[in-house]
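Here is the structure we will look at, set down as structure tokens.
Read the figures in this text as sums done on the coordinates, not as results from a lab. Predicted, not measured: the structure shown is a model, and the values here were computed from it.
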Amino acid sequence: MSNSHTTPTAIDAAIDQALHELQSAAGHIQKDADDLVSHAAKALSEAAAALAVQVRRQTDAVKTEVDRDVHAHPIAAAAGVALAAAALTGLVVASLSHKGPEAAAPPPPKPR
């Protein structure tokens, strides 16, 4: 029998080389993945900033239009605010009524 456990063979060398190449590839894949995640995060951040600017412009435009309408029609604006308050109150009451009084009561005792 040969002493293959102590003497490296061509198969051992090939396995070692393959292991080294796999470890190296794993390192490159990790670096590539990190780069891709970084690029994606940067792109997402830039998109979020652009969206915030767009929302701000639209909000300013809506605010200007609402201010103009309120000054032109103060009675209608007051009625709109009252209607919105009534609708909000209705939603709150409806939400509370779905829970029912039993939601606040302790559970009944278990039968023995």
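Things worth noting here:
- Straight-distance crosslink candidates among aspartates and glutamates, where the alpha carbon sits under 16 Å from residue 42 and sequence neighbours closer than 8 are dropped: 32, 34
- Taking a ≥ b ≥ c as the square roots of the Cα gyration tensor eigenvalues, the range 28-98 comes out oblate, since a/c reaches at least 1.5 and a/b does not exceed b/c.
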